[in-house]
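Q: Dropping the structure in here first, questions after.
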């Protein structure tokens, strides 16, 4: 069969026509086909040319087919090979339309540079134009809240993968795909041919420059869960702060380090940083590569997130055994996301309890506007009627406005789950001083609601929907979620 330059034939003789390129790395490129939900990964050589020699094709074909035999968790968002290509190293995979690589969110990417001067709002007039455009891009792509959500979903995927005894192997922002719709938190991993069991020994591991763990870059060890964790931490910090965690003053030329004294042979500070030869920018023990660039970490990181970053990129930089396992990240990131509110004026999201040092008020740290009205839900485990825990096990906040609709996820009502904690259980609509409470179609938890006092006789079960009138902002709503360990929720409306 003759083929033209932009068509590809798979092992089942299906013909796929090349469309838009959506990702490119050291192993090849990924592009859409004319079928919007189908993509192709094409492996290329160092010069960027397709691999076609018979022996190498056979090796890659066996590698791609091996992925199908791996014990991947069921219903996990990983695009696996569904058919290999004929005559070229590559494979066909399912990849939903309207999804983009995570690198789309990088402030120095194409999306940021396409922002015009006219799009810069007045509250950014006092900073350099390029920096202002980065912040415009930041809030247009969902701000802090969306980034925390996407990282939570990505780390949950990795947690399930590691729980099956597998490692991803080459995590980078080009193989993490997220929904273009900023209200949709879907996350998928591609490049599944890198997934494998943990590898002992060094050398031969694939990694993406800037994101590889030091032991991988230096050829000292094979891929392990700890190397996935390191790559994830780099991506997470970069996505949140707008700077790479190892590009500080010793790399950008603002420091006074003497490179001749470095223990490694690399003279290039950039390569030294990316290979693990320098401390990270927020290292608690060594400030030789610190940086004040990017967004202030005090606005981005909860105390628990700071610990995870420090233990992974600080203590864990040279000692992989000290890195926290990936299972710690999803819940911490979800907790952080649930503590954010979005400013009505500038659309940036920030932690609801932020206090401006200038006004000593709960003002937006970016534009200075007053904090918007919001709901605050505190969850308490309730081992038996009348004896809830005194410390909240979860906190959920969300800005409100007339006619707004808020989904309350499962994690607010029961213990955290890697697979279902993002599922909406209840929907709240706020109109004319009243809450309209709906059970969602996916709801599986029996929930009752009471006004003011959480006594058993006051609770009324929500079968489908319920309307609650709120007399004033001090009125509390109480929910009782009947799970194997009942949870009591207290909802208050706060006015700024």
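Q: Filter the stretch 217-248 down to residues that are more than 21 Å from residue 147 (Cα to Cα) and either surrounded by 22 or more Cβ atoms within 10 Å (Cβ to Cβ) or touching a helix residue (DSSP H, G or I) at 6+ places or on another chain (Cβ under 9 Å) (or both), then give me how many there are. Break it down stepwise before answering.
A: The initial filter retains those residues of the stretch 217-248 that are more than 21 Å from residue 147 (Cα to Cα), namely 217-227, 248.
Retained after the next criterion (residues that are either surrounded by 22 or more Cβ atoms within 10 Å (Cβ to Cβ) or touching a helix residue (DSSP H, G or I) at 6+ places or on another chain (Cβ under 9 Å) (or both)): 217, 220-227, 248.
Looking only at that region, the number is 10.
Q: Here is a follow-up. Please work out if residue 86 is at pLDDT below 90 and either in contact with a strand residue (DSSP E or B) (Cβ under 7 Å, 6 or more places away or on another chain) or outside the structural domain of residue 151 (by TED's automatic domain parsing) (or both).
A: Details: at pLDDT below 90: no; either in contact with a strand residue (DSSP E or B) (Cβ under 7 Å, 6 or more places away or on another chain) or outside the structural domain of residue 151 (by TED's automatic domain parsing) (or both): yes.
So residue 86 does not fit the description; no.
Q: Exactly one condition in (1) part of a helix (DSSP H, G or I); (2) without any contact (Cβ under 8 Å) to a residue 12 or more places away in the chain is false for residue 332; which is it?
A: Of (1) part of a helix (DSSP H, G or I); (2) without any contact (Cβ under 8 Å) to a residue 12 or more places away in the chain, only one is false for residue 332: (2).
Q: Which residues, taken from the stretch 25-68, are touching a helix residue (DSSP H, G or I) at 6+ places or on another chain (Cβ under 7 Å) and within 24 Å of residue 100 (Cα to Cα)?
A: 43, 64, 67
Q: Could you please tell me which pairs satisfy a Cβ distance under 8 Å, a separation of 6+ or placement on different chains, a first residue in the stretch 108-122 that is modelled with pLDDT under 90, and a second residue that is surrounded by fewer than 14 Cβ atoms within 10 Å (Cβ to Cβ)?
A: Pairs that qualify, where the first residue is modelled with pLDDT under 90 and the partner is surrounded by fewer than 14 Cβ atoms within 10 Å (Cβ to Cβ), are 117/129.
Q: Give the residue that is surrounded by the fewest Cβ atoms within 10 Å (Cβ to Cβ), with candidates limited to residues of the stretch 434-450 that are out of contact with any strand residue (DSSP E or B) (no Cβ under 6 Å at 6 or more places or on another chain) and in contact (Cβ under 8 Å) with a residue 12 or more places away in the chain.
A: The residue in question is 442.
Q: Does the stretch 176-203 hold any residues that are under 13 Å from residue 104 (Cα atoms) and either assigned to a strand (DSSP E or B) or in contact with a strand residue (DSSP E or B) (Cβ under 6 Å, 6 or more places away or on another chain) (or both), and which are they?
A: Looking only at the stretch 176-203, we keep the residues that are under 13 Å from residue 104 (Cα atoms), and these are 176-182.
Selection gives 176, 177, 178, 179, 180.
Q: With a cut-off of at least 3 residues that are at pLDDT 90 or above and under 30 Å from residue 162 (Cβ atoms), name the strands (runs of 3 or more DSSP E) lying wholly within the stretch 382-496. Give the steps one after another, and end with the answer.
A: Working: elements: 394-399, 404-409, 424-431, 434-439, 446-451, 465-469, 476-482, 487-494.
Output list reads 394-399, 404-409.
The values are calculated or read from the model by the stated rules, or taken from the named source; none is laboratory data. Quantities reported herein were computed from a predicted structural model and do not represent experimental measurements. Virtual Cβ from ideal backbone geometry, glycine too; neighbours counted across all protein chains shown.
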